[in-house]
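The values are calculated or read from the model by the stated rules, or taken from the named source; none is laboratory data. Quick caveat: nothing in here was measured; it's all calculated off a predicted structure. Cβ: placed from backbone, ideal geometry, glycine included. Neighbour counts: every protein chain shown.
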Amino acid sequence: MNSHLHQFRRYTICAAMTGMLFACAGDPIESGLDPFAPMVFKEGTTTMPLNPPNPSKLLPFYVSQHTVFKFAIDTDSILIGADGVTRYIVVLTSPNGSQQAQYEGIRCDSFQWRLYGTLENSAWRENPLSTWKTIQSNVPNRYQASLAQGAICNFDTQVKDVNTILKSLNPNAFTGGSQPSNSFGIIAN
């Protein structure tokens, strides 16, 4: 009988210790720190750039063989936000040479982009209808997809280092809109 009492004490002590461990862990629902709860996106404040894009800092990037536009990003304008948004100035050049500069942001977690404003008459104008839109990968002017897939995002995670983004934007390393090559790896021009 003594062995049964000894075994009962062990179970009681184990149960008490287990209860204390659960009490120390706390209830995630009550504490508000449920690790499985969906995260709610809260965008930080976005201020428009003060200056137009710097022509000496424009870095062209390849988008697709189907586009007639040329695209470049102002490397001085890249801002990696703590809110998960990478903001940048992009310059679009049409076949006749006219240019448009836009201030945009990309969210990697949701694969979305947002137009914050455009450069008009050397002054930035905010876009009053700015909303988050899904990045399209199957349209000719898919430059947001090229930037997201080739430099700004690592799958659905924001790249947190500007130097890494700049290295990825290097024309010899850029993979966002990879130019087609032949079986010898030679890129067709």
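Table: residues versus (1) assigned by TED's automatic domain parsing to the domain that holds PHE111; (2) at pLDDT 70 or above; (3) closer than 18 Å to GLN112 by Cβ.
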{"residue": "HIS6", "(1), (2), (3)": "no, no, no"}
{"residue": "ASP27", "(1), (2), (3)": "no, no, no"}
{"residue": "PHE41", "(1), (2), (3)": "no, yes, yes"}
{"residue": "THR46", "(1), (2), (3)": "no, yes, yes"}
{"residue": "TYR62", "(1), (2), (3)": "yes, yes, no"}
{"residue": "THR67", "(1), (2), (3)": "yes, yes, no"}
{"residue": "ALA72", "(1), (2), (3)": "yes, yes, no"}
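Of the conditions (1) surrounded by fewer than 16 Cβ atoms within 10 Å (Cβ to Cβ); (2) out of contact with any strand residue (DSSP E or B) (no Cβ under 7 Å at 6 or more places or on another chain); (3) not basic (Lys, Arg), ILE165 clears all except one; give me its number. Here ILE165 clears every test but (1). When region 74-131 is filtered for residues that are within 17 Å of the chain's Cα centre (by Cα) and part of a loop (DSSP other than H, G, I, E, B), the ones remaining, listed by number, are ILE78, GLY81, ALA82, ASP83, GLY84, CYS108, ASP109, SER110, PHE111, THR131. When region 40-66 is filtered for residues that are surrounded by fewer than 12 Cβ atoms within 10 Å (Cβ to Cβ) and over 19 Å from the mean Cα position of the chain (by Cα), the ones remaining, listed by number, are LEU50, PRO55, SER56, GLN65, HIS66.
Selection of region 116-159 for residues being surrounded by 11 or more Cβ atoms within 10 Å (Cβ to Cβ) and of a type in the set (A, V, I, L, M) yields LEU119, ILE135, VAL139, ALA145, LEU147, ALA148, ALA151, ILE152, VAL159. Scanning region 146-162 for residues that are outside any strand (DSSP E or B), more than 15 Å from ILE89 (Cα to Cα) and out of contact with any Leu (no Cβ under 9 Å at 6 or more places or on another chain) returns GLN149, PHE155, ASP156, VAL159, LYS160, ASP161.
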